[in-house]
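First the structure, in the form of structure tokens, and then the observations on it.
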Amino acid sequence: MYELVSIPMSNRSMFVHTYEVPLMDYHAYRVNKTLLLYIPPILLLIGTVGNLFSFFVLRQSMTRVSTYFYLAVLSLTDLLVLYIGLLRRWTGELTGVDVKDQAAWLCKLTVTVTYLFSDFSVWLIVAVTVERYIAVCHPLQASVLCSVQKARTVSVVMFLTIVAINVHFMWTVDLSITKTNGSDIATCVANERYMYLLDEVWPWVDAAIYSFVPCFILAILNFLIIRQVLLARRFRCQLQNCKSGRNNQLQKRLPTEGSIKLTLMLLAVSFTFMITTLPNNVSLIVTVLMDSQLTTLEQIARFALAKTITELLMYTNHSMNFFLYCATGKKFRRNIEKLLCKVKEYRRSFDHNSSPNSMLLSRVSFSGNQRMNLLNSNTHVVGSRKATEL
């Protein structure tokens with residue numbers, strides 16, 4: 001599909017497309033290629049382990065607590081984003097072959113699914129932040145509005161809405177065949193009929209859906225949540241010195257300390273999302289505005305490096321929630337310890353039950369004479385083996 005050449009780079013060879021050869025003379029582009037070669041496998045490893053751990057820990061409570069339901073679904077969604085988006089990008093750098101360029105249906109499906117799960121991941125964070133706002137600022141309504149059943153309904157509605165928004169890629173993108181040096185090269189690009197939509201309009205729509213609108217909602221809700229948490233802690237300290245019935249009723253209107261701790265963990269997730277995704281969407285908008293102004297190879301090389309950094313930063317957001325949970329959630333750390341203890345106990349039990357003697361004794365019931373005969377036969381076998389070895 002692509003003509004590749006081998007270019008020495010830091011004492012090893014890196015395969016690049018022929019159209020990239022002139023850009024490899026610039027340090028910025030060589031750094032860009034190096035980042036795309038070494039950073040994705042690190043993020044994939046961290047994200048795979050972290051998201052799987054998060055899911056197995058959170059699934060124990062996802063049927064009882066709606067917040068954990070959202071976070072468990074978020075873990076699986078982030079894992080899909082990494083494998084559909086980042087893994088495909090990395091293998092493309094290694095082999096020069098992008099899976100979406102191999103067939104028209106792969107082109108349409110890959111683009112649709114990539115946008116679908118990226119957007120769904122973002123709006124899961126918005127949904128769980130809205131729920132935290134209700135739990136902290138309106139705790140009396142939380143038991144009604146923040147149930148697992150409602151979380152499932154909200155997740156399904158969000159998913160179907162995002163499918164409806166992104167399903168247009170099934171007909172607005174297609175393979176474009178061009179001839180280069182006598183060979184046909186297929187690339188997944190916008191269909192000619194919808195080129196203006198995807199090149200000029202959609203970047204703004206995508207930036208709004210994936211980053212700008214969610215960040216605006218999160219900024220407002222996080223401000224209200226933080227303000228309420230500070231007021232609640234101050235008010236609770238004032239009420240602790242008074243034990244009247246009225247004060248007990250007032251305390252019920254305040255979020256519990258456990259709810260506040262969970263809220264702080266989710267605030268870390270929200271702010272991390274805002275910090276790591278905004279730069280990538282800004283770079284996409286800048287690409288639309290400045291594409292025609294990049295006239296020199298040096299400018300193109302620097303811009304490619306900036307886009308790669310912001311893109312990897314975006315994928316970092318899908319890789320690090322587990323570590324945010326561990327850093328800010330004491331209960332989450334305890335659940336991790338319990339899970340690891342269960343794994344160790346299971347391994348010990350498996351190792352014990354898989355030994356020959358234990359397997360034999362667990363499946364057969366022996367009488368006293370049978371046990372003695374078995375012991376004698378085992379002794380004879382051991383003795384004969386020793387004699388043979390000596």
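Tabulated results
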read-out	value
Test: Ala103 is over 23 Å from Asp206 (Cβ atoms), among the small types (Gly, Ala, Ser) and surrounded by 20 or more Cβ atoms within 10 Å (Cβ to Cβ)	no
Residue tally, condition open to solvent by 40 Å² or more (accessible area, probe 1.4 Å), within 18 Å of Val16 (Cα to Cα) and either modelled with pLDDT of 90 or more or touching an Asp or Glu at 6+ places or on another chain (Cβ under 9 Å) (or both), over the stretch 81-95	5
Check on Val57, β-branched (Val, Ile, Thr) and open to solvent by 10 Å² or more (accessible area, probe 1.4 Å)	no
Where Gln141 falls short, out of the listed (1) touching a residue at least 12 places away in the same chain (Cβ under 8 Å); (2) open to solvent by 70 Å² or more (accessible area, probe 1.4 Å); (3) more than 23 Å from His318 (Cα to Cα)	(1)
Condition broken by Phe271, with the remaining ones in (1) modelled with pLDDT of 85 or more; (2) in contact with a Ser or Thr (Cβ under 8 Å, 6 or more places away or on another chain) satisfied	(2)
Sole residue being aromatic (Phe, Trp, Tyr), at pLDDT below 75 and out of contact with any Cys (no Cβ under 9 Å at 6 or more places or on another chain), chosen from Phe235, Phe216	Phe235
Output for the stretch 293-339, where each listed residue is open to solvent by 70 Å² or more (accessible area, probe 1.4 Å) and modelled with pLDDT under 75	Gln293, Thr295, Lys330, Lys331
Filter result for the condition that a residue is modelled with pLDDT of 95 or more and within 22 Å of the chain's Cα centre (by Cα), over Ile125, Ile162	Ile162
Of the criteria (1) over 24 Å from the mean Cα position of the chain (by Cα); (2) touching a residue at least 40 places away in the same chain (Cβ under 8 Å); (3) open to solvent by 60 Å² or more (accessible area, probe 1.4 Å), which one Arg193 fails	(2)
Residue satisfying condition, being out of contact with any Pro (no Cβ under 6 Å at 6 or more places or on another chain) and under 21 Å from Asn222 (Cβ atoms), within set Val97, Val154, Val113, Val57	Val154
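The values are calculated or read from the model by the stated rules, or taken from the named source; none is laboratory data. What you see is a predicted model; the values in this text were computed from it and never measured. Don't worry about glycine lacking a Cβ; one is built from the backbone with ideal geometry, like all the others, and counts go over all protein chains shown. Quick note on the areas: whole protein, heavy atoms, side chains included, nothing else; ligands and nucleic acids left out. Shrake-Rupley method; radii C 1.70, N 1.55, O 1.52, S 1.80 Å.
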